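Notes follow the structure.
Every number in this text was worked out from the coordinates using simple rules, so none of it is lab data. This is a predicted model, so every value here is computed, not measured. We place every Cβ from the backbone using ideal geometry, glycine too, and count neighbours over all the protein chains shown.
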Amino acid sequence: MLPSLEVERPISIAEELAQSRLLLEKKDSSSAATMSVNDEVKELARKLHWNDNFFHGEDGVIAVFDFDYALIAKYRRELAYLGMGASILVPPFCILGTLLCFPCFYSQQINWDVYSQHVAITQDGIRFVHDKRKSLCGCSCTDKGKMSKTVPFDKITDCDVTEPAGATCCCVDNVLSVVHIDTASSGVNPKTGGQDHELVLAGLKEPDKFKKLVWAMKRAQGYTGKGSGSAAAALTMDRGFGNDETNSILREIRSELKQLNANLKTPILSTSYEVGNGNLWFNVGHEYLFTLLNTVTQEGVP
C-alpha cells in the first residue's frame, strides 16, 4: 500500500496577516529598545568636550578623551627622580647614567613620551595611538615610531577604572586614575604572575565617562548585531518600519494571498486506481488530475 499524497491547506489571508503583524510588532519592539540605547550613546557623547585635535578630520570618531598630560608628566618625573636617587646606592649605575647624560634628558624624555598619547572612541572600538616621538638624547636616529591599537567593542569583556590611592615607595603619591580594558585573551601572565590587560590607559581626565561610553557603545552593538562596525550604527541606526512602509507591505501580502487562494479554491478530490494487487490513493487537485490520468493510462491500468 503506497502512502497518500496530500495537498496542504492554503493559509488564509487573516492568518498570514496576523503572522505579519506579529513579526512587525517584534521588529518595532526591538527598534524601540535600540533607539533607547542609541539615545544613551548620543547623550553621553553630547556632554563630552575635548582639546585633543589629533583625530580631527578622521572618519568614524565618536568622541575623544583627553589625557591629563601635566599630571602624568609630573608623576613620572617624581618616579624618575626617585629612581635616580636610589641609583646612588649602586655606584656603577650612577656613574653610567651620568656619563650618558640621562639626568639632563629625563624631563624632556618624559614629555616626549607623555604628550604623544591619544585615545578616542570610534565606530570600530577604542583606538589608542602613541605617535612618533623623540627618545634618549633627541637625535633622529633614536626616534620611536608611531604605534596604534584598536580594541573592537565586541571583543571587550571588561572595562574598569582604578582610582588613585596610596603611594609608590611611600614617597610618590599615586595620583593617576587607570582604565583597564580586557578581552578574552587577557588574564594572568604565567611568567610574571601579574595581570595582563589588552589596553591600559593611565591619567585620563574623565575616566568614568570613558567607561560609560564604552559600555553604551557595546550595548548598542549588541542590539544591532552588526559586528565590529555596529558602533557607528549607534548614532545613525535604522529606526525600523514607518507606518507608510508597514501598510504598503501588508497590502502586498494581502494581494499575493488573494491570488494564492484564488488558484487553490478548486475542491480537493480523492481518486483511487487499482495497480496490481494493491491500491494507490492520490489526493490531488484538478490541476494535477489530467496529468495523473495520462500517466496511469500509459502504464496499462484498466
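Given the pairs 47/211; 149/218; 134/211; 134/155; 149/209; 42/211, which are separated by over 22 angstrom at their Cα positions?
134/211; 134/155
Under the 0.36 nm per residue contour assumption, what length would be gained going from the current alpha-carbon distance of residue 146 and residue 107 to full extension?
Gain on stretching residue 146 to residue 107: 12.0 nm.
Let me check I've understood the local charge: for residue 160, count other residues with C-beta under 11 angstrom from its C-beta, Lys and Arg +1, Asp and Glu -1. What total comes out?
Values: positive: 211; negative: 158, 163, 182, 208.
Taking every Cβ under 11 Å from that of residue 160, the sum is -3.
Going by average Cβ density within 10 Å per residue, which order do the peptides 186-198, 40-52 take, highest to lowest?
By packing density, highest mean first, the sequence is 40-52, 186-198.
Any idea what the alpha-carbon Rg over 2.2 N^0.38 Å comes to for segment 99-187? Show your work: numbers first, answer last.
Values: Rg = 16.8 Å, N = 89, 2.2 N^0.38 = 12.1 Å.
After normalising by residue count via 2.2 N^0.38 Å, the value is 1.39.
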